[in-house]
Amino acid sequence: MEEVCNKKTTRDIVLKTAGPVLIEVFLGTLFGMVDMMMLGRIAEPGEAAASIAAVGITNQVVFIALSLVQSLNVGATAMVARYVGAKKEGRIENVVRHVILLTQVLLVLPIFIFGLVYTDQIMKIIGAHQDTLMYGRNYFKVIIIGLIFQAFNFSIYAVLRGAGDTKTPMNINLKVNTLNVVGNAVLIYGLFGFPRLGVTGAGISTSFSQMIATLMLLRHIFKKNTIIKINLKNRFKFNRDIMYNLVKIGIPASLEQIAFRAGILVFVRIVSSLGTVAYATHQICLNISGLSFTPGQAFGIAASSLTGRSLGADDPDKAEEYIRTSGKIGAIIATTVGVIFFFFGSFIASLYTKDPNVIEEAAKILKVIAIIQPFQSSQLIIAGGLRGAGDTVWTLVAIFFSVLIVRVILAYLFIIKLELGLIGAWYAMFCDQVVRWGLIRYRFKTDKWKYISIR
């Protein structure tokens, strides 16, 4: 009887922690899908395809920047979770100050300058054709400006989640995503007397929304009654232990993200060789598949926070229980999403475009995405737990091998050599996910992640 009650308690804690994140990520992805649908329904077909491609190209750069920011945030989440579990909340403010300084000065500022100066060159390297450059150049620049705010927001969200506060990021993101969708409609199509700006309007709306989120977060962390608070009267003091932890956890996480994004860039170059329309179709499928990532992301974040707090309280068995419970719940939700994709792929694709060829191809790809779901969800959640423990070296190994080697080589084989077309890219992604799942699961079963120390 006691065991049943304990399981219910564990499940309830996981749901309480992951629930707000799931709602946040799910609705955020849904809003992103609506944005893409708006661009796909621009009156001129050529402009629509080029605009969607421009978003995909720009996202690759943004993802690289935010991935590097998130790699340092992994260390911040792990430290804050440990400090909360060990009842050392007084150390949290200094963690926040260090992670903001590192992300903004060392990462975001150079990317911001480089992105504005070499816009065309960067877009061409990733695979932009002339039509994509024409429609997407200004969008790229506006999004790079908004990156300053977005990176700051990501850092504060990571710290809040590490402390177990998943409701504040959810509430802020729901508000700003709603603002972004409304702003996109107004500026893309030129409603209510505003100019019709197309894809550039989508960029302005996105960056403005991120700035509003920053203002809301600043208001929150300057309050006195919150666990994550900043007192401007306190001087910044360099802390060697905090820097050690950020570097110890962050460097493997950074290398992981560099390996991942390098693999994705090569992968995107291979896919873009199929042409603008094929790449736009690929981008639509990526946009839809983003919905399937939400259970894994949400329960991975929950597993990360709960694992760190359990290890901080010297209870590694509880940490393992949280990861396993998160995995079971996430798998049920991910499988449900997969079933929807498998049987209703054509309908979902038709929301983006009226082109029957694109719809037919997207429906086939969505069947592949549906089969990926169990492996994808499991590896995202377990990897989240490993990162919460500070075990970022093994996730680096898994990403390096599965993405940079398996996905890239198979994409080249399927698309260039066997000429399977766009669906060949998704066969490669399926193999990548299965290999990554196997490597992550193997590490989890060794129990070595339970004994990683954080100062």
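By its C-alpha gyration tensor, with a ≥ b ≥ c as the square roots of the eigenvalues, how is region 414-455 shaped: rounded for a/c under 1.5, else prolate for a/b larger than b/c, else oblate? Prolate shape, in that a/c is at least 1.5 and a/b is the bigger ratio. Of the complete DSSP H runs in the chain, those spanning 24 angstrom or more by Cα along the long axis with a mean Kyte-Doolittle score not below -0.5 are 2-40, 45-85, 130-162, 167-189, 199-221, 240-272, 276-312, 316-350, 356-388, 422-446.
What residues of region 170-184 lie in the reach of a label at Asn225, counting those whose backbone N is under 20 Å from a point 7 Å from the Cα along Cα→Cβ? Once the point is set 7 Å along Cα→Cβ of Asn225, 170-172 turn out to lie under 20 Å by backbone N, inside region 170-184. Translational diffusion coefficient of the chain (Stokes-Einstein, Kirkwood radius from Cα pairs, 20 °C, 1.002 mPa s): 96 µm²/s.
Each of Ser51, Thr336, Leu255 was scored by the projection of its Cα onto the charge dipole of the chain, and the greatest displacement toward the positive side belongs to Leu255; charges sit on the C-beta of Lys, Arg, Asp and Glu. For Gln70, the shell of other residues with beta-carbons less than 11 Å away shows a net charge of 0, using +1 for Lys and Arg and -1 for Asp and Glu. Estimated at the nearest 10 Å², the accessible area of Asp12 is 90 Å² with a 1.4 Å probe. Sorting Phe444, Phe31 by solvent-accessible area of protein heavy atoms yields Phe31, Phe444, largest first, with a 1.4 Å probe.
Chymotrypsin sites (Phe, Trp or Tyr not before Pro), restricted to region 197-297: which are DSSP loop and have at most 13 other Cβ atoms within 10 Å?
Values: sites: Phe208, Phe222, Phe236, Phe238, Tyr244, Phe260, Phe267, Tyr279, Phe293; in loops: Phe222, Phe236, Phe238.
Filter output for region 197-297: Phe222, Phe236, Phe238.
If you place +1 on the Cβ of every Lys and Arg and -1 on the Cβ of every Asp and Glu, how big does the dipole about the Cα centre of region 148-259 come out, in debye to the nearest 20?
Dipole about the Cα centre, nearest 20: 560 debye.
Would you mind counting up the charge near Pro20? Only other residues with Cβ under 15 Å from its Cβ, with Lys and Arg at +1 and Asp and Glu at -1.
Working: positive: Lys16, Arg161, Lys167, Lys175; negative: Asp12, Glu24, Asp165.
It works out to a net charge of +1.
Hey, can you find the accessible area per residue of the chain for me, probe 1.4 Å, expressed in square angstrom?
Working: 19570 Å² over 455 residues.
Ligands and nucleic acids excluded, the figure is 43 Å² per residue.
The figure for His282 is an accessible area of roughly 0 square angstrom, using a 1.4 Å probe on the protein chains alone. With a Cα-only, solvent-free Debye model of region 246-310, what are the log10 I(q)/I(0) values at q = 0.15, 0.19, 0.23 Å⁻¹? One equal scatterer on each Cα of region 246-310 leads to -0.73, -0.94, -1.05. Rg then Dmax, both in Å and based on the Cα atoms of region 311-442: 17.5, 57.
At 1.4 Å probe size, with the rest of the protein present, what percent of the exposed accessible area of region 196-343 is carbon and sulfur atoms?
Heavy-atom surface of region 196-343 belonging to carbon and sulfur, 1.4 Å probe: 63 percent.
Computed with a 1.4 Å probe over protein heavy atoms only, the accessible area of Met134 comes to about 120 Å².
Taking the empirical scaling 2.2 N^0.38 Å for compact globular proteins as reference, region 92-131 has a Cα radius of gyration ratio of 1.72.
The values are calculated or read from the model by the stated rules, or taken from the named source; none is laboratory data. Predicted model only: the values in this text are computed from it and were never measured. So basically every Cβ, Gly included, is an ideal-geometry build from the backbone, and we count neighbours across all protein chains shown. Keep in mind that these areas ignore ligands, DNA and RNA; they rest on the heavy atoms of the full protein, side chains included. Shrake-Rupley method; radii C 1.70, N 1.55, O 1.52, S 1.80 Å.
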